[in-house]
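**Student:** Below is one structure. I have some questions about it.
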Protein chains: 2
Amino acid sequence: MNLKFTIIATWSFSASGVKIGSEILKNGGHIFDAIEETIKAIEDDPNIDSVGFGGLPNMAGEVELDAAIMDGKTLSLGAVAALKGFKNPISVARKVLEETPHALLVDQGAEEFALSKGFQRVIMITDKSRKIWESRIKKRSHDTVGVIVMDESGNMACGTSTSGTFMKYKGRVGDTPLVGSGLYVDNEIGGAVATGLGEDIMKGCISFHAVYLMSQGYSPKDAADEAVRNIYKKLAKDKKAHDDISILCINTNGDIGAATTRSKFEYVVSSEDIPLSIFVVTKIKILE
Amino acid sequence: MNLKFTIIATWSFSASGVKIGSEILKNGGHIFDAIEETIKAIEDDPNIDSVGFGGLPNMAGEVELDAAIMDGKTLSLGAVAALKGFKNPISVARKVLEETPHALLVDQGAEEFALSKGFQRVIMITDKSRKIWESRIKKRSHDTVGVIVMDESGNMACGTSTSGTFMKYKGRVGDTPLVGSGLYVDNEIGGAVATGLGEDIMKGCISFHAVYLMSQGYSPKDAADEAVRNIYKKLAKDKKAHDDISILCINTNGDIGAATTRSKFEYVVSSEDIPLSIFVVTKIKILE
């Protein structure tokens, strides 16, 4: 088959995962499978230190992972946060979406749920991530994977996964698994995923904000710009750090837009018209 | 002193707490103190089975509490979710806001944080809540307390607290501690708090939505109506239950509005002009 599809994802490290997701959509696979397999490939890569296996640990030395998947048809979310000991939080999040009346399970509850669904416990910390942790590098790693897919019928879904900020407090949950902050999608409008400092992204609920703006006629690029500009301006008044917010948007036509407060933000696109490609957007101009 | 102030809260059971918060604001106390003391009074009341001490347990028989506080000046959130063994989650949430770089701590991480800040462990389940749990009544209790306060200088804050839905999965987190879903406030616009079935409220990020609409010139009543109507209409397409969403809004002028999908929703108001009063709003008319 060679069906119409679009898949977009944050950061160039997502390219190998997007390739897998593209094949699923092209061949008529389910949008949830495309989200899950794309993100699993990234979670499984021990060289990506901000997502899944090999993710950097919290202040207590444990790898705690957050992930979410949202269905653009029902607006339902499945998410896990502060999940320890499982390799693919995105797969557990999908089970929350499909097999519970709930949207978000955390920590011990998420762990017991994962075990009840047959997921296997693994040792999550790698030698590499332990060394980085032990040397306590004052680096902040905010490179959440966020993926949005659309199939031939216009069904959309999005997903996110992260190990969170480096040296985070135990139990800290950022924007990644939170509806409206890390992700939002509505089949009738479009979708958005965010990456960066979760605590700042949450202040603006920027994924919901961008999707809402698209419902009011904004293009994905204008919506991305406005959602980032709005929160950047508000945070600037408080003179706190606010230099790490990026967002990626798509509407029902498959138009794509991104915005960032960083010097640059890379994202991956693949569709029936666009071969697997990496795009770059540079720092948003803040007017006024 | 007899300073200008406004305090509003969900449900008539909040009246005794609102009285305490009113006194704090009237006498020039801090908005965070008003939020914390109002909600603590409700959390401490064992007869309120949906918030704090006496709250109904999860499916595993444990009382897990969620609470949040948001600062309208900085847009910062402090929240805890799935917290076990502490009487006043709102007080722990305030510590997250004031003394961490984070916005949300969950379960074991939240518990260790609470202990590190000197909070005392308590047995959270009461005889009454255990009996209700043991009889496994098929009742859904969604009566989250949500409070919004404004002081003489126009500073705003909001707070929420709940024990979550009855017979919830262990580790389940609803809208209550989630920015944009259970609560949102911006000193320059106004604030909103939501109560009802968290998983549905999250689908519409209705607190952020309502505050955004107020920024676009909607009155609090029109913003409340539109935020509820929007998600109600979307959920109606999916033919799922969607009969338990209520929202309470206020703008910078102190104008108040509420909307609900229930037959009625009661809320409490106190200000320099309005003596402690209970208002009632009835089911929203869904046009089209």
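**Student:** Residue check, A:ASP33 against (1) touching a residue at least 12 places away in the same chain (Cβ under 8 Å); (2) within 23 Å of A:ILE278 (Cα to Cα), all met but one. Which one?
**Tutor:** (1)
**Student:** Still on this structure, I have one more. Cβ-Cβ below 6 Å, separation at least six or inter-chain, first residue in the stretch A:178-200 and free of Cβ contacts under 8 Å to residues at least 40 places away in the same chain, second crowded, with 24+ Cβ neighbours inside 10 Å and not small (Gly, Ala, Ser): which pairs?
**Tutor:** These pairs meet every condition: A:GLY180/A:CYS205; A:GLY180/A:PHE208; A:GLY180/B:CYS205; A:SER181/A:ASP175; A:SER181/A:ILE201; A:SER181/A:MET202; A:SER181/A:CYS205.
**Student:** Just one of the numbered conditions (1) within 13 Å of chain A (Cβ to nearest Cβ); (2) under 28 Å from B:LEU3 (Cβ atoms) is not true of B:ASP238; which one?
**Tutor:** B:ASP238 satisfies every listed condition except (2).
**Student:** Still on this model: Can you tell me which residue is surrounded by the fewest Cβ atoms within 10 Å (Cβ to Cβ) among those in the stretch B:209-248 that are outside any loop (DSSP other than H, G, I, E, B) and touching a residue at least 60 places away in the same chain (Cβ under 8 Å)?
**Tutor:** Once the filter is applied, the top-ranked residue is B:SER246.
Residues are listed down the side, and each one gets a yes or a no for (1) in contact with a Phe, Trp or Tyr (Cβ under 7 Å, 6 or more places away or on another chain); (2) within 26 Å of A:PRO177 (Cβ to Cβ); (3) touching a residue at least 40 places away in the same chain (Cβ under 8 Å):
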residue: B:THR6; (1), (2), (3): no, no, yes
residue: B:THR10; (1), (2), (3): yes, yes, yes
residue: B:SER14; (1), (2), (3): no, no, yes
residue: B:VAL18; (1), (2), (3): no, no, yes
residue: B:ILE24; (1), (2), (3): no, no, no
residue: B:ILE48; (1), (2), (3): yes, no, yes
residue: B:ASN58; (1), (2), (3): yes, yes, yes
residue: B:ILE90; (1), (2), (3): no, yes, yes
residue: B:LEU105; (1), (2), (3): yes, yes, no
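**Student:** Hey, can you tell me all the residues within the stretch B:89-109 that are within 10 Å of chain A (Cβ to nearest Cβ), part of a helix (DSSP H, G or I) and within 24 Å of A:ILE231 (Cβ to Cβ)?
**Tutor:** Matches in the stretch B:89-109: B:VAL96 only.
Only the coordinates and a few stated rules stand behind these numbers; no lab work does. Keep in mind that what you see is a predicted model, and the values were worked out from it rather than measured. Using ideal geometry, Cβ is built from the backbone for each residue, glycine included, and neighbour counts are taken over all protein chains shown.
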